[in-house]
Amino acid sequence: MAYDVEKPDEQWRAELNPAEYAVLRQAGTEPAFTGEYTDTKTKGVYSCRACGAELFTSTEKFESHCGWPSFYDPKDSAAVELIEDRSHGMVRTEVRCARCGSHLGHVFEGEGYATPTDQRYCINSVSLKLEPTE
Ligand SMILES: [Zn+2]
């Protein structure tokens, strides 16, 4: 599909640092419990580190203890794109930024977390940039 923000690969490589590029553009995963936002409770809006689109807010962030920032809902359902991912011998749902197509993480359902949606958007810290509101 075509995204509003599309750039040649060399440009992404130049604009992002190696860790950001590996996750956002190559669908990598940062190691668990290493991301800068895993336990962050600061109020604010999490934007896409590749294009700046607003994706998640602190209101939907919850403590999943899974090692990555977890949200039970995106800021706006149109802000993210969900794609079936059959890599690594699993069937998962990949979460991408709907504006630039960059990889954010995966969404899991039915895990029994006491959240309004029973969904866990498991998102790499390196894909996000927090803009604090306080
Ligand atoms: Zn983006």
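Within segment 103-118, identify whether any single residue is acidic (Asp, Glu) and in a strand (DSSP E or B), and answer yes or no.
yes
Could you grab the pairs with beta carbons closer than 6 Å, sequence gap of 6+ or different chains, first residue in segment 61-73 and closer than 16 Å to residue 97 by Cβ, second one loosely packed, with under 15 Cβ neighbours inside 10 Å and of a type outside the set (A, V, I, L, M, F, W, C)?
73/117
Give all pairs with beta carbons closer than 6 Å in which a residue from segment 89-102 that is at positive phi meets a residue that is within 11 Å of the ligand (Cβ to nearest atom); count only pairs at least 6 apart in sequence or on separate chains.
Listed pairs, sorted by first residue: 101/3.
Out of (1) within 16 Å of the ligand (Cβ to nearest atom); (2) over 19 Å from residue 114 (Cα atoms), the odd one out for residue 18 is which?
Every condition holds for residue 18 apart from (1).
Within segment 110-119, identify whether any single residue is within 16 Å of the ligand (Cβ to nearest atom), crowded, with 17+ Cβ neighbours inside 10 Å and at pLDDT 95 or above, and answer yes or no.
no
Filter segment 73-102 down to residues that are within 15 Å of the ligand (Cβ to nearest atom) and in contact with a helix residue (DSSP H, G or I) (Cβ under 6 Å, 6 or more places away or on another chain), then give me how many there are.
2
Take segment 118-134 and flag every residue that is under 18 Å from residue 65 (Cβ atoms) and either in contact (Cβ under 8 Å) with a residue 60 or more places away in the chain or over 10 Å from the mean Cα position of the chain (by Cα) (or both).
Listed by number, the residues that qualify are 118, 119, 120, 121, 123, 124, 125.
Go through 112, 101, 67 for me and flag whichever is more than 15 Å from the chain's Cα centre (by Cα) and among the small types (Gly, Ala, Ser). Don't jump to the end; show me each part of the working.
On the way: 101 fails: more than 15 Å from the chain's Cα centre (by Cα); 67 fails: more than 15 Å from the chain's Cα centre (by Cα).
Answer to the selection: 112.
Would you pick out the residues in segment 27-36 that are out of contact with any Gly (no Cβ under 7 Å at 6 or more places or on another chain) and either loosely packed, with under 14 Cβ neighbours inside 10 Å or more than 19 Å from residue 94 (Cβ to Cβ) (or both)?
Those that are out of contact with any Gly (no Cβ under 7 Å at 6 or more places or on another chain) and either loosely packed, with under 14 Cβ neighbours inside 10 Å or more than 19 Å from residue 94 (Cβ to Cβ) (or both): 31, 34, 36.
Consider only pairs whose beta carbons are under 6 Å apart and that are at least six residues apart or on different chains; among these, list those whose first residue lies in segment 45-59 and is farther than 14 Å from residue 126 by Cα and within 11 Å of the ligand (Cβ to nearest atom) and whose second residue is assigned to a strand (DSSP E or B) and modelled with pLDDT of 95 or more.
Close Cβ pairs (under 6 Å, with a partner that is assigned to a strand (DSSP E or B) and modelled with pLDDT of 95 or more) amount to 53/97; 54/45; 54/47.
The values are calculated or read from the model by the stated rules, or taken from the named source; none is laboratory data. All figures in this text were calculated on a predicted structure; none of them were measured in a lab. For neighbour counting, all protein chains shown are included, and Cβ atoms are generated from backbone atoms with ideal geometry for every residue, glycine included.
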